[in-house]
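What follows is a short report on a single structure.
The values are calculated or read from the model by the stated rules, or taken from the named source; none is laboratory data. Everything numeric in this text was worked out from a predicted model, so none of it was measured. Cβ coordinates were reconstructed from backbone atoms using ideal geometry, including for glycine residues, and neighbour counts include every protein chain displayed. With ligands, DNA and RNA removed, areas are computed over all heavy atoms of the protein, side chains included. Shrake-Rupley method; radii C 1.70, N 1.55, O 1.52, S 1.80 Å.
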Amino acid sequence: MDNFENNPQNPEQPEAPRQKESPFADSPYIMNDSQSSGTYRSPEAPDFEQPTRKKSGRSIWKGILAVCLVVVIAAASCGITAAVVDGIWQKRSEDTSHLLEQMEDKINALEEEINDKSFTGSGNSISGTPAAAEGLTVGQVYAQNKKSVVAISNHVTTNIFGQVTEQASSGSGFIISSDGYILTNHHVIEGASKLYAITYDGTKYPATVIGSDAGNDVALIKIEASDLPAVTIGKSDDLIVGDQVVAIGNPLGQLTNTLTAGYVSAKERDVSTGNAVINMLQTDAAINPGNSGGPLFNMKGEVIGITTAKFSGTTSSGASIEGIGFAIPIDDVVKMIEELKTNGYVSKPYMGVVVRDAGNGIGVYVDAVEPEGSAAKTGIRVNDIIVGLGEYEITSMNDLNRALRDFKVGDTTTIFVYRSRQVLELTITFGEKAKPAQPQNVPTASQMPVDGTAEQWYQYWQPKFENKG
């Protein structure tokens, strides 16, 4: 009954119980929270966390696509980087290969240079060449050659108005053949009336001058002996600056067979000896009076020079000069030996002119021309200035002397002269200078009459006054 009344529209279905009305339904303090999708919240209701919503399938695929995209981009980036790096390394590899080829070419060239005869012939212990391994010690060089070096005693006799005096000077030399030929300096034997060579064992041999040349400061003498220990001749052209060298000689005329050692300080030094300008090796091996004419050895024990001169004294500022010695290169001397044996002198190309420095480095001035000489036949005139000879530029007398070393008697070459504001090119054939007069021996005491007759005295003095007047 009650149920029917409660639900008059459907008397068979009872009416659903009515929800109890909120006591705050009409409260002015209830506000509509737009962010809560119309849900009303009481100011005193607790703040519950919103439940986490599960990602949809679409969002997951977006993430997967993003990851794939990152991977693809990274892979592409790595591929590009790899390609760039590969290109760089390929270029570097090509450059390295090119450098290695260049290095190999240089090594091969260096090996060829080392194996070249003109380079490996040095054999000096510090030159850095393979031949250095074959070199000797300083002591071994001395032991091998000490018996081939001789002391030379030169006795010069002077006679002034019957007063006979004899002076002795000393030098050095070295045996070049077992039958007694000895090389030394010209200035060591110059003016000798008596000449002796003293060997290592103290034997004193009379020596004869076979030939000498003042311009080259070279002399060849001979003693009568056999089975003598001869030196081995080397090649001075093989030397390089810094090579070690050994000198053996007779310094001060008393300290026989003295050894000094040093290095090649320079090559091709033009040194004036008073008679000429000579091409020389420079060394810091001690060279003293009495060493002149002695041998200079390389570290194979071969002669590569004749010790000749040294600079000594002090400079203008008062500084002492030390360690500057000179030797004639043996290559220059070897060319002269046969001529010294055969002719007694060394023939030189001769132009037949009297010249002097023109000054200011412009050439050599011609003061005089010998009739029928090579220069006269060439057409060279007085007042010409010689400015070139062959391939050489001539700016001074030293240049001319240096150029003439490369020519022999009979050679033909070009000569350039400045005349009338123009340079003329002429052709000259070198003649030979007249054979130098051999110095006459100064009479010795044995040649002078002692308590002689008037005729003997006349025969002695008469030649000295002949053609004088």
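Annotations for the structure displayed:
- Percent carbon-and-sulfur accessible area, segment 299-364, ignoring ligands, DNA and RNA, probe 1.4 Å: 49
- Links that overshoot a 18 Å alpha carbon limit, given the list K235/K267; K106/K267; K222/K433; K267/K348: K106/K267; K222/K433; K267/K348
- Qualifying trypsin sites (Lys or Arg not before Pro) for segment 344-385 [loop in DSSP, other Cβ within 10 Å: at most 16]: R381
- Rounded percent of accessible protein surface that carbon and sulfur make up, segment 138-227, 1.4 Å probe: 48
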